[in-house]
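Derivation of every value follows stated rules applied to the coordinates shown; laboratory data play no part. Note that the structure is predicted; figures quoted are calculated from it, not measured. We place every Cβ from the backbone using ideal geometry, glycine too, and count neighbours over all the protein chains shown.
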Amino acid sequence: MPELPEVELTRRRLERELVGKRIERVVVRTPKLRFPIPRELHDSLPGRTVRSVERRGKYLLLECEAGWLIIHLGMTGFLRLLPGTPPPGKHDHLDIAFADGAVLRFHDPRKFGTVAWTTDTPATHPLLAGIGPEPLTTAFDGAYLYDASRGRRVAVKQLLMNAAIVAGVGNIYANEALFRAGIRPDRPSSSLSHSECGRLVLAVREVLQGSIDQGSTYRVAEHTVAYHPLDFAVYGRGTGDCTRCGGALEEIRLGNRSTVYCPRCQR
């Protein structure tokens, strides 16, 4: 699943390629993904120019003059920038064609993605209104996380993955941040100390920014998409050896998601 670093890298690429382009037409092949694709896109987008490409959590926001196109890639979705209009494949659900001949194509085999349109401030849209602070901003700090964790018995990993607490920290990066911070993923959130919250916030920032910095392998212009450029210490390593202490890693399920940690290094 594309996570925050992959979405941010996609945003940067789209910003370079799309800002200033005028939309000529919209082709919707699948009327419903996770939610119905707005019918008004056919009439609302043509003639508009892309003014900016922004991100909120895992959502891409394309400012198209007096409105915003909101895109979530879902579990398996990705965007392709094409120099023309080759025949669509089975899972190519949406084309946005530009006046210069370029096409932005949304491909999503599982159809869990989302495409929405709003003429209001995007932050007020129901998809975005309840999202917490961005993890790479100063609004997400140790004091905030400590306050947010009080009285919560939910596992700390699940707290990190709650978008209402912090935007865009998914399964992969929650695993990695907890390992870096030396905190067991299944501990009750309310058991975190001030210092542990500060350490965890720093770890979240490090793994997200590290993945963004190494993220030149993420493609939006090619069919093959390479996710997760960061070298992972625990995610995807099952019950292998810990890169820090050499002991055996353990794998458990939290919130129906695979969770890998080191019982020696994480307390």
Review point. When the chain is modelled as a GNM with alpha-carbon springs shorter than 10 Å, which of P88, P135, P122 fluctuates the most?
Key: P88
Study note, to complete from the structure: Calculated from DSSP helices alone, with each H run of at least 4 adding -39500 (n - 2.57) and the total divided by the residues of the chain, [θ]222 nm to the nearest 500 comes to -7000 deg cm²/dmol
Review point. For A66, what charge total do you get from the other residues with a beta carbon under 15 Å from its beta carbon, if Lys and Arg give +1 and Asp and Glu give -1?
Key: -2
Point to revise | Radius of gyration, Dmax [region 4-124; alpha carbons; angstrom] | key: 12.9, 37
Exercise for review: Can you pull the one-decimal nm distance between simple spin-label points at C245 and A66, each 7 Å off the Cα toward Cβ?
Suggested key: 6.2
**Study point:** GNM top mover of A174, A248, A97 - the chain, alpha-carbon springs below 10 Å
**Key:** A248
Point to revise | Charged-residue dipole, Cβ positions (Lys, Arg, Asp, Glu), region 1-51 about Cα centre, Debye nearest 20 | key: 160
Exercise for review: Please provide three numbers in whole Å: the alpha-carbon extents of the chain along the principal axes, with the largest listed first.
Suggested key: 57, 35, 29
Practice item. Quote to one decimal, in nm, the extra length available between S191 and N162 on full extension: 0.36 nm per residue of separation minus the C-alpha distance between them. Key: 8.7 nm
Point to revise | Angle between the chain longest axis and helix 194-213 axis [Cα atoms, degrees, rounded to 10] | key: 40
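First select every other residue whose beta carbon is under 14 angstrom from the beta carbon of M75; then total the charges, Lys and Arg +1, Asp and Glu -1. Before the final figure, lay out the partial values.
Details: positive: R34, K58, R110, K111, R257; negative: E3, E6, D108.
Cβ neighbours under 14 Å give a net charge of +2.
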Study note, to complete from the structure: Distance in nm between K90 and R150 label points, each 7 Å along Cα→Cβ, equals 5.3
Exercise for review: Please tell me which of these pairs span more than 25 angstrom C-alpha to C-alpha: K21/K111; K32/K90; K58/K111; K58/K157?
Suggested key: K21/K111
Review point. How do K58, K111, K90, K157 line up, fewest other C-beta atoms within 10 Å first?
Key: K90, K111, K58, K157
